[in-house]
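S.K.: Handing you a structure now.
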There are 2 protein chains.
Amino acid sequence: MKRPLILVTNDDGIGAPGIKALIEVAMTFGEVVVVAPDSPQSGKGHAITIEQPLRLHPVKIHPEVQAWECSGTPVDCVKLAKNILFKDREIALCVSGINHGSNAAINIIYSGTLSAAMEASLEKIPSIGFSLLDFNWDADFEPGKEWISYIISFVLEKGIPSGSLLNVNIPAKKGQVIQGLKVCKQANSRWVEEYVTGTDPRGQSYYWLTGKFINEDEDEDTDIKALQAGYISVVPSHHDLTNYKSLASLKIMEK
Amino acid sequence: MKRPLILVTNDDGIGAPGIKALIEVAMTFGEVVVVAPDSPQSGKGHAITIEQPLRLHPVKIHPEVQAWECSGTPVDCVKLAKNILFKDREIALCVSGINHGSNAAINIIYSGTLSAAMEASLEKIPSIGFSLLDFNWDADFEPGKEWISYIISFVLEKGIPSGSLLNVNIPAKKGQVIQGLKVCKQANSRWVEEYVTGTDPRGQSYYWLTGKFINEDEDEDTDIKALQAGYISVVPSHHDLTNYKSLASLKIMEK
């Protein structure tokens, strides 16, 4: 039997430890190919590169894995994989990550990792974004690996609805065992920004983004609540941003 | 009575004709302030700038309007307006655009214009993204102006549900009168990419994004159908990407 083709990407860049961990798990399921950014692309959301040409360079990161680094965003990586590198082959699955840091709740819209997975879902490729709730470069990806294996095998065997992606976040409290896995909704939340302001060596003012995450959702079935309780959160997500609840009430606007 | 504070931004850059047209309309409703990118930011989606400091420079674009150009993305512009420039004042409305080109259907997720409006909606600021279906720099924004006026006055008087934004697209067929306004859902659609490939002056290969828009949604109540019939489309949109239809069926994944 031919092994399924699995595309791996991320937003922390092709050299990040998180993508290495994900490649190791993905290799147990199929033929792994990697197309990932040549530099960190955190917070790039669904950005695409329009005004510049893109570059792809083959790189050697594992003896059994074909890999390319790309000068563009995570979404560019998926587009190039689908339309240039593997246009004549079926990509059975796209996995993105493992992100260093949470992409739960509102973070999904800022995340290059999840936007890459969403782009794959637009191409009808089943896709999953994985994130570990630890920003450190030397984060411990080991405890999450068997769960990632379980999720990949579930998706390869049972599939997910076309046009959907899974947003998977893995808790990372020191000494805490992962309790299990919950399928949940995206918590309503936002960031309260607190810019660091300063003056650069040339005497010019600058503003540097920082901030605090605020969960505004007290419902029990959210990703934030699952993670707080030590569970892995899985949010089925999609690209339809229509607010259906408001559709009817806004009809009075029609002319 | 104090005039409402209206924040104007865009993704084509502070020098684009589209933002000028939007400022002119917004000025008839309140005190207009502008924070917009210093360079074109089309296709930047919900990108934020994390790894670099941001700059804000006051610029003179109209005698009655305070304006700043920003070195970041459209979303950065909204964050800086809310958290630095106007942290002590209530922003009554954020309008983004007028974008040169469509942001209907799937384009919303790639669009800096709409991502700026979404960021404002996360800050509980009623917000609207406006786009004209004409990519040209010298596009004719005049026929849409009275409709933009109507939509702004509707939102200022009646409000929109908290956390929502309106994605407004304006048809632009030469010689065709705008038929009216429809409140609709985002059409299910995607881009089929066709990269232009070539070799640069240094002999290196490059890939340059181009593509073809594909509407895969035959429903009658979509933004694409409204625009094709000559109507302005208004899609109430939000930041909750949960695919609620798939939540129940994926519960079998829980452990």
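The values are calculated or read from the model by the stated rules, or taken from the named source; none is laboratory data. In this text the structure is predicted, and so the values were computed from the model without any measurement. Positions of Cβ are generated from backbone atoms using ideal geometry, with glycine treated the same way; all protein chains shown enter the neighbour counts.
S.K.: Out of the residues in the stretch B:207-217 meeting the condition of being assigned to a loop (DSSP other than H, G, I, E, B) and not aliphatic (A, V, I, L, M), tell me which one is nearest to A:TRP68 (Cα to Cα). Quick ask: steps written out before the conclusion?
M.R.: Filtering the stretch B:207-217 for residues assigned to a loop (DSSP other than H, G, I, E, B) gives B:209-210, B:216-217.
Adding the requirement that they be not aliphatic (A, V, I, L, M) leaves B:210, B:216-217.
Values: B:THR210: 21, B:GLU216: 31, B:ASP217: 34 Å.
Among residues in the stretch B:207-217 that are assigned to a loop (DSSP other than H, G, I, E, B) and not aliphatic (A, V, I, L, M), the one nearest to A:TRP68 (Cα to Cα) is B:THR210.
S.K.: Right, here's the next one. Cβ-Cβ under 6 Å, sequence separation 6+ or interchain: first residue in the stretch A:87-98 and touching a residue at least 12 places away in the same chain (Cβ under 8 Å), partner aromatic (Phe, Trp, Tyr). Which pairs?
M.R.: A:GLY97/A:PHE130; A:ILE98/A:PHE130; A:ILE98/A:PHE141
S.K.: Kindly evaluate B:GLN228 against the criterion of being modelled with pLDDT of 95 or more and under 30 Å from A:THR49 (Cα atoms).
M.R.: When the stated conditions are applied, B:GLN228 passes them.
S.K.: Criterion first (of a type in the set (A, V, I, L, M, F, W, C) and at the interface with chain A (Cβ under 7 Å from one of its Cβ atoms)) does B:TRP191 satisfy it? Write out each step before concluding.
M.R.: Working: of a type in the set (A, V, I, L, M, F, W, C): yes; at the interface with chain A (Cβ under 7 Å from one of its Cβ atoms): no.
Judged against the criteria, B:TRP191 is not a match.
S.K.: Here's another thing I want to ask about it. Which residue is nearest to B:ASN103 (Cα to Cα), if the candidates are limited to the stretch B:207-217 and must be of a type in the set (A, V, I, L, M, F, W, C) and either buried (at least 19 other Cβ atoms within 10 Å of the Cβ) or at the interface with chain A (Cβ under 7 Å from one of its Cβ atoms) (or both)?
M.R.: If we filter the stretch B:207-217 for residues that are of a type in the set (A, V, I, L, M, F, W, C), which is where we start, we get B:208-209, B:213-214.
Checking the rest, the ones that are also either buried (at least 19 other Cβ atoms within 10 Å of the Cβ) or at the interface with chain A (Cβ under 7 Å from one of its Cβ atoms) (or both) come to B:208-209.
Details: B:TRP208: 21, B:LEU209: 17 Å.
If we take residues in the stretch B:207-217 being of a type in the set (A, V, I, L, M, F, W, C) and either buried (at least 19 other Cβ atoms within 10 Å of the Cβ) or at the interface with chain A (Cβ under 7 Å from one of its Cβ atoms) (or both), then B:LEU209 is nearest to B:ASN103 (Cα to Cα).
S.K.: When A:LEU181 is evaluated against the numbered criteria (1) touching a helix residue (DSSP H, G or I) at 6+ places or on another chain (Cβ under 8 Å); (2) farther than 30 Å from A:GLU123 by Cα; (3) of a type in the set (A, V, I, L, M), which criterion, by number, is the only one it fails?
M.R.: Result: A:LEU181 fails condition (2) only.
S.K.: Could I ask something else about it? For A:SER71, are the conditions met, namely being within 14 Å of chain B (Cβ to nearest Cβ), surrounded by fewer than 18 Cβ atoms within 10 Å (Cβ to Cβ) and closer than 28 Å to B:SER115 by Cβ? Break it down stepwise before answering.
M.R.: Details: within 14 Å of chain B (Cβ to nearest Cβ): yes; surrounded by fewer than 18 Cβ atoms within 10 Å (Cβ to Cβ): no; closer than 28 Å to B:SER115 by Cβ: yes.
Here the answer is no, as A:SER71 does not meet what is asked.
S.K.: What strands (runs of 3 or more DSSP E) lie completely within the stretch A:105-206 and have 2 or more residues being surrounded by fewer than 12 Cβ atoms within 10 Å (Cβ to Cβ)?
M.R.: Details: elements: A:127-132, A:165-170, A:180-183, A:189-193, A:196-199.
Here the list reads A:196-199.
S.K.: For B:SER42, only one of the following conditions fails: (1) farther than 29 Å from A:HIS239 by Cα; (2) at pLDDT below 95. What is its number?
M.R.: Condition (1) is where B:SER42 drops out.
S.K.: May I pose another question? Against the condition closer than 24 Å to A:LYS185 by Cα and hydroxyl-bearing (Ser, Thr, Tyr), how does A:THR197 come out, does it pass?
M.R.: Here the answer is no, as A:THR197 does not meet what is asked.
S.K.: Residues of the stretch B:181-204 being touching a Ser or Thr at 6+ places or on another chain (Cβ under 7 Å) and in contact (Cβ under 8 Å) with a residue 24 or more places away in the chain, which ones?
M.R.: Scanning the stretch B:181-204 gives B:LYS182, B:CYS184, B:LYS185, B:GLN186, B:ALA187.
Residue-by-condition table, conditions (1) over 17 Å from A:ILE48 (Cα atoms); (2) more than 9 Å from chain A (Cβ to nearest Cβ); (3) in contact (Cβ under 8 Å) with a residue 40 or more places away in the chain:
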| position | (1), (2), (3) |
| --- | --- |
| B:GLY45 | no, no, yes |
| B:PRO53 | yes, no, no |
| B:LEU56 | yes, no, no |
| B:ALA81 | yes, yes, yes |
| B:ILE84 | yes, no, no |
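S.K.: Starting from residues that are part of a helix (DSSP H, G or I) and under 19 Å from A:ASP134 (Cα atoms), keep the ones in the stretch A:218-248 and report whichever is farthest from the other protein chains (Cβ to nearest Cβ). Show your work before the answer.
M.R.: So the first thing to find is which residues in the stretch A:218-248 are part of a helix (DSSP H, G or I), and the list is A:223-228, A:244-247.
Imposing the further condition that a residue be under 19 Å from A:ASP134 (Cα atoms) reduces the set to A:223-228.
On the way: A:ASP223: 9, A:ILE224: 13, A:LYS225: 14, A:ALA226: 10, A:LEU227: 14, A:GLN228: 17 Å.
Applying the filter and picking the extreme gives A:GLN228.
S.K.: Looking at (1) surrounded by 24 or more Cβ atoms within 10 Å (Cβ to Cβ); (2) among the β-branched types (Val, Ile, Thr); (3) away from chain B (no Cβ under 14 Å); (4) in contact with a Ser or Thr (Cβ under 8 Å, 6 or more places away or on another chain), which is the only condition A:VAL32 fails?
M.R.: The failed condition is (4).
S.K.: Any residue in the stretch A:100-113 that's within 21 Å of A:LEU22 (Cα to Cα): show its pairings with residues that are among the acidic types (Asp, Glu) and at pLDDT below 95 at Cβ separation under 8 Å, as long as the two are six or more apart or on different chains.
M.R.: Note: no pairs meet the criteria.
S.K.: Oh, and also: Going by what's in this entry, would B:VAL78 be described as within 13 Å of the chain's Cα centre (by Cα) and modelled with pLDDT of 95 or more?
M.R.: Working: within 13 Å of the chain's Cα centre (by Cα): yes; modelled with pLDDT of 95 or more: yes.
Taking the combined requirement at face value, the residue satisfies it.
For every residue, the table says whether it meets (1) among the small types (Gly, Ala, Ser); (2) free of Cβ contacts under 8 Å to residues at least 40 places away in the same chain.
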position: A:TYR207; (1), (2): no, yes
position: A:LYS212; (1), (2): no, yes
position: A:ASN215; (1), (2): no, no
position: A:GLU218; (1), (2): no, yes
position: A:ASP221; (1), (2): no, yes
position: A:LEU227; (1), (2): no, no
position: A:SER233; (1), (2): yes, no
position: A:SER237; (1), (2): yes, no
position: A:ASN243; (1), (2): no, yes
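S.K.: Taking the stretch B:81-104 as the region of interest, how many residues are more than 17 Å from A:ASP240 (Cα to Cα) and buried (at least 24 other Cβ atoms within 10 Å of the Cβ)?
M.R.: Filtering the stretch B:81-104 down to residues more than 17 Å from A:ASP240 (Cα to Cα) leaves B:81-101.
Then drop every residue that is not buried (at least 24 other Cβ atoms within 10 Å of the Cβ), which leaves B:81, B:94-100.
Counting residues in the stretch B:81-104 that are more than 17 Å from A:ASP240 (Cα to Cα) and buried (at least 24 other Cβ atoms within 10 Å of the Cβ) gives 8.
S.K.: Check A:LYS174, A:LYS124, A:LYS182 and return the single one that is farther than 22 Å from A:ILE106 by Cα, among the basic types (Lys, Arg) and within 9 Å of chain B (Cβ to nearest Cβ).
M.R.: Working: A:LYS174 fails: within 9 Å of chain B (Cβ to nearest Cβ); A:LYS182 fails: farther than 22 Å from A:ILE106 by Cα.
Going through A:LYS174, A:LYS124, A:LYS182 in turn, just one is farther than 22 Å from A:ILE106 by Cα, among the basic types (Lys, Arg) and within 9 Å of chain B (Cβ to nearest Cβ): A:LYS124.
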